[in-house]
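Below: one structure, written as structure tokens.
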Amino acid sequence: MARGRYLGRIPLRSLPPEQAERYLLQWHPRRLALEPGSFPLLTSQAIFGNELPLEVEIGAGTGEFAASLAAADPAANVLAIELSNRSAHWAAWLAAESGLPNLKVLRADFKLLGPMLPTAAWRRAYLHFPDPQHKPADAKRIIFNQAFLDAMAGSLQPGGELSVVSDAPGFFMQMLELAEGDGRFAKAHPERYLEGYEPEVKSRFQQIWERKQRTPRQFVLKRI
């Protein structure tokens, strides 16, 4: 998480080797940069070994939302991508504790995963509470930009959806305006955006910021 969004130190929850092998993938940034061809595509077949629909959360944090998705739909796979080591381990521990065979956690920098992104393979993608820019040095950490929309346009199936949620009003409007200018997507709702966000299970991040009286906003894009 960028500076200003840190939520307190999360304890490291180490998994037994057999559970780590089952639930946690760790892709080192140096290898991703130097040997991109040695990693599998981010598809259900390559990651889960089956042909179930795939949903991907980018920036999954400690995994509460991803786990709820996997539990709600056993007939789909969920891949939770998270950069933070402690958060990724926590999310994998949650998947193991819940016994969710259709959830895996990938610890990796999403910006290095371009060569592993598939074509028209994802049913849904979620970018919830991405880090906004607090100062110029944070610009390089912003995920939502034109390159991100290009990646989503390629990875989502026709009719596939991208959900974007933020509690930072100015940053949210910047993302919304960029999305509205991309003709490869259409809104999945008649409103320009949705005020408030009430998933069945809220992430740790959402709970903390709502306690600080921050109201999230959402828009959902459908791949044309």
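The values are calculated or read from the model by the stated rules, or taken from the named source; none is laboratory data. Just so it is clear, the model here is predicted, and its values are computed rather than measured. Ideal geometry is used to build each Cβ from the backbone, glycine not excepted, and the neighbour counts take in all protein chains shown.
Tabulated values for the structure
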| item | result |
| --- | --- |
| Some residue of the range 124-139 being among the aromatic types (F, W, Y), surrounded by fewer than 20 Cβ atoms within 10 Å (Cβ to Cβ) and either under 12 Å from the mean Cα position of the chain (by Cα) or more than 26 Å from W27 (Cα to Cα) (or both) | no |
| Among residues of the range 160-173, those that are in contact (Cβ under 8 Å) with a residue 12 or more places away in the chain and either of a type in the set (A, V, I, L, M, F, W, C) or outside any strand (DSSP E or B) (or both), counted | 9 |
| Any pair with Cβ under 7 angstrom, 6 or more apart, that starts in the range 182-195 at a residue that is under 19 Å from P169 (Cβ atoms) and ends at one that is aromatic (F, W, Y) and modelled with pLDDT of 95 or more | K187/F219; Y193/F219; L194/F219 |
| Per-region count, the range 79-103, residues more than 24 Å from R141 (Cα to Cα) and part of a strand (DSSP E or B) | 1 |
| Residue that is modelled with the highest pLDDT [pool: residues in the range 140-159 that are in contact with a Pro (Cβ under 7 Å, 6 or more places away or on another chain) and either assigned to a helix (DSSP H, G or I) or surrounded by fewer than 21 Cβ atoms within 10 Å (Cβ to Cβ) (or both)] | S155 |
| Residue match in the range 33-50 (condition: among the acidic types (D, E), outside any helix (DSSP H, G or I) and surrounded by fewer than 16 Cβ atoms within 10 Å (Cβ to Cβ)) | yes |
